[in-house]
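The values are calculated or read from the model by the stated rules, or taken from the named source; none is laboratory data. None of the values given here were measured: they were computed from a predicted structure. Every residue, glycine as well, gets a Cβ built from its backbone with ideal geometry; the counts of neighbours run over all protein chains shown.
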Amino acid sequence: MPTVVHAAVLAVVLASGPAALAQTAAAPAAAASAPTVRAEIAAPLQAAQALLQAGRAAEALAQVRLAEAVPGANAHERQTVLRMKGSSALALRDDATALQAFQAALDTGAVPPAEQLPLLLATTRAAAAQGRTEALLRAGRAYLQQGGREPAVRVALARAMLAAGDAAGATEQARALLAEQPAGTPPREETLQLLLRAQRAAKDEAGLAATLEALATHHPRPSIWAELVVRVQGADDFADRLTIDAYRLLRHTRALGDAAAHAELARLALRAGQPAEALAVLDEALAQPRIAQGPDGPALRTQREQAAAAVAAERSQRAAEEKSARAAADGGPLFALGLTLAAGGEAPAGLALMAEALAKGLKAGADDARLRLGAAQLQAGRRAEAEQTLATVQGRDGAATLARLWRLTPR
């Protein structure tokens, strides 16, 4: 938690401490309306205040100990001494002593209600620094119950709850943090990651998926996209034919990862009659020194030679293939040719053929085709068109889920 906590606590302690300690038993009128501190305790505390303000915390603590040694202190005097002791310890970064002093001050029951929040805030901070879970939970909950709004307390409280096995409580705190953010601002990554940890601990699969999507939308990282796609593929109703589309999404979000994943996407593309795509994937892999110079480098280069040969063969037959595709009653062959052109760097011509094929009609796989057209439109920078296309993808076999994820990809 931030060091500004030190300043906040010092301000409250000093305002209610030695400066007000001039009220002693010699001032009965004031004593009747407010608690007083005897002069023999007030004097060293006033000295401690001045030393703290001068940045001489060790000397201030020595003065506090003189006040602490005065016998017969009442509850108000004890809490005043203890708060000054805790503030001096905080200035020395002695969190153990500060925690002990602040807890003892709160336990006296004599801390004025209006001054409890900064003290609870400091107690939470000291407990977090010391790894004292129970103390942190106690102080953090009390701070929030009294209307405290410092986000760092919720963060510390959520982490302590996770450590104590209270995943539901940690989830509640993380959601409260999100709700308290200023309107119109994106959710903080730290908060979403905290919520993700809590949902994993609670085995909240639906909540986990939603939080992953929020992270992918606002704080995209390859690791987040990889987990999202793996979850889609792991669904019971996921269709194997869409595996290539899952890999394509990983590639687009830079989450394809290692040599094996690149090789698998290239293999799937070759099997699907898309050698240009396979060649592009393999070129991307071999452009990475860690892959090209690794143990899989030779196999990938062999695979690339095969893909390059397939590309050359496809190009030599393209005119005949397009003529045949246009003559076919089904738009499937024309769509496949358009996909080939788009993957090979001829996006405008390829997208036009794919749209033409869909308008012509497909005997099967219309949702798969719309998914692939939308993805190709996104990759070509035509986001508005892609959004419209992907929104039409239906089905419960993974196609609609992949389409929705494509729409979440970074702009």
Can you tell me which residue among L215, L265, L279 is in the same structural domain as A343 (by TED's automatic domain parsing), under 21 Å from G398 (Cα atoms) and surrounded by 15 or more Cβ atoms within 10 Å (Cβ to Cβ)? L265
So, of the residues in region 229-248 that are under 16 Å from L408 (Cβ atoms) and of a type outside the set (D, E), which turns out to be surrounded by the most Cβ atoms within 10 Å (Cβ to Cβ)? R248
Name the residues in region 204-228 that are assigned to a loop (DSSP other than H, G, I, E, B), more than 21 Å from A152 (Cβ to Cβ) and touching a helix residue (DSSP H, G or I) at 6+ places or on another chain (Cβ under 8 Å), would you? D204, R221
Looking at (1) buried (at least 18 other Cβ atoms within 10 Å of the Cβ); (2) farther than 26 Å from A164 by Cα; (3) of a type outside the set (V, I, T), which is the one condition that is false for R254? (1)
Pairs under 9 Å by beta carbon, first residue in contact (Cβ under 8 Å) with a residue 40 or more places away in the chain in region 39-56, partner hydroxyl-bearing (S, T, Y) and in a helix (DSSP H, G or I), six or more apart or different chains? I41/T80; A48/S87; A48/S88; L52/S87; L52/S88
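Among the residues of region 190-202, which ones are touching a helix residue (DSSP H, G or I) at 6+ places or on another chain (Cβ under 7 Å) and surrounded by fewer than 16 Cβ atoms within 10 Å (Cβ to Cβ)? Spell out how you get there, then give the answer.
At the first step, the residues of region 190-202 found to be touching a helix residue (DSSP H, G or I) at 6+ places or on another chain (Cβ under 7 Å) are 191-192, 194-202.
Once the filter is applied, which keeps residues that are touching a helix residue (DSSP H, G or I) at 6+ places or on another chain (Cβ under 7 Å) and surrounded by fewer than 16 Cβ atoms within 10 Å (Cβ to Cβ), region 190-202 yields only R200.
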Residues to consider are A235, A255; find the one that is under 28 Å from the mean Cα position of the chain (by Cα), at pLDDT below 95 and not charged (D, E, K, R). A235
Only one of (1) surrounded by fewer than 20 Cβ atoms within 10 Å (Cβ to Cβ); (2) outside any helix (DSSP H, G or I); (3) free of Cβ contacts under 8 Å to residues at least 40 places away in the same chain does not apply to A110, and that is (3)
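Go through region 358-388 residue by residue and tally those that are outside any helix (DSSP H, G or I) and either hydrophobic (A, V, I, L, M, F, W, C) or in contact (Cβ under 8 Å) with a residue 12 or more places away in the chain (or both). Talk me through it step by step, then tell me what you get.
Filtering region 358-388 down to residues outside any helix (DSSP H, G or I) leaves 361-365, 380-382.
Now narrow it down to the ones that are either hydrophobic (A, V, I, L, M, F, W, C) or in contact (Cβ under 8 Å) with a residue 12 or more places away in the chain (or both): 361-365, 380, 382.
Residues that pass the stated criteria total 7.
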Does A355 satisfy the criteria of being free of Cβ contacts under 8 Å to residues at least 12 places away in the same chain and of a type outside the set (F, W, Y)? no
Kindly indicate which of A170, A105 is free of Cβ contacts under 8 Å to residues at least 40 places away in the same chain, more than 30 Å from E213 (Cα to Cα), crowded, with 22+ Cβ neighbours inside 10 Å and among the aliphatic types (A, V, I, L, M). A105
In the same structural domain as A163 (by TED's automatic domain parsing), closer than 27 Å to Y247 by Cβ and surrounded by 15 or more Cβ atoms within 10 Å (Cβ to Cβ), is that true of E205? no
